[in-house]
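Throughout, read-outs are computed from the coordinates displayed, never taken from laboratory work. The shown structure was predicted, so the numbers you read here are calculated from the model rather than taken from an experiment. Methodologically, a virtual Cβ is constructed for each residue, glycine included, from the backbone with ideal geometry; neighbour enumeration extends over all protein chains shown.
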Amino acid sequence: MEFINTNLAPEAVGPYSQAVQLNNLIYLSGQIPIDPKNQELCLFEGDVGKQAELVLSNMAGVLKSQGLTLHNIFKTTLFLTDMNDFAAVNKVYAKAFGTHRPARSTIAVAGLPKGVAVEIESIARL
């Protein structure tokens, strides 16, 4: 097992790694909208679409550090604090993945770290 940490994504906000590689799989921890350049939380005045863009950019940063892209992802799990945000997040998600369509679950939760509206975790293949 290899622990992955890169400055291309925000530092972990707890006692975990940004990702873990096991054999030919990379398990990405949930990403939230934190700017990796300054480690600041970016809520974009509640704009969940912009939060989702930064989340996906952070995921891409972790993957880039391993020579991969979002197209290496085969499973995602989205966590939303409000299912009314589903369409806005789905629009950003579709743009980021293009024609690549990983398996996905979307779960409504009571809350997320640091009061964000969206968190995404994923599994990628080398």
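General remarks:
- For the stretch 112-126, Karplus couplings with θ = phi - 60° (6.51, -1.76, 1.60), whole Hz, Gly/Pro x: 10, x, 6, x, 6, 9, 9, 9, 10, 10, 7, 10, 10, 10, 5
- Whole-Hz ³J(HN,Hα) from phi, Karplus 6.51 cos²θ - 1.76 cosθ + 1.60, for the stretch 60-71, glycine and proline x: 4, x, 4, 5, 4, 4, 10, x, 10, 10, 4, 6
- Candidates 103, 52, 12: whichever shows maximal mean-square fluctuation once the chain is modelled as a Gaussian network with Cα springs under 10 Å: 103
- Gain in span if fully extended, residue 35 to residue 87, counting 0.36 nm per residue against the direct Cα distance: 16.4 nm
- A crude spin-label estimate for the pair residue 64 and residue 95, with each label 7 Å from Cα along the Cβ direction, gives 1.7 nm.
- Quick note on the chain: its Rg to Rh ratio, both from C-alpha atoms and Rh being the Kirkwood radius, is 0.93.
- Gaussian network model of the chain, springs between alpha carbon atoms under 10 Å - residue of 87, 110, 19 with greatest fluctuation: 110
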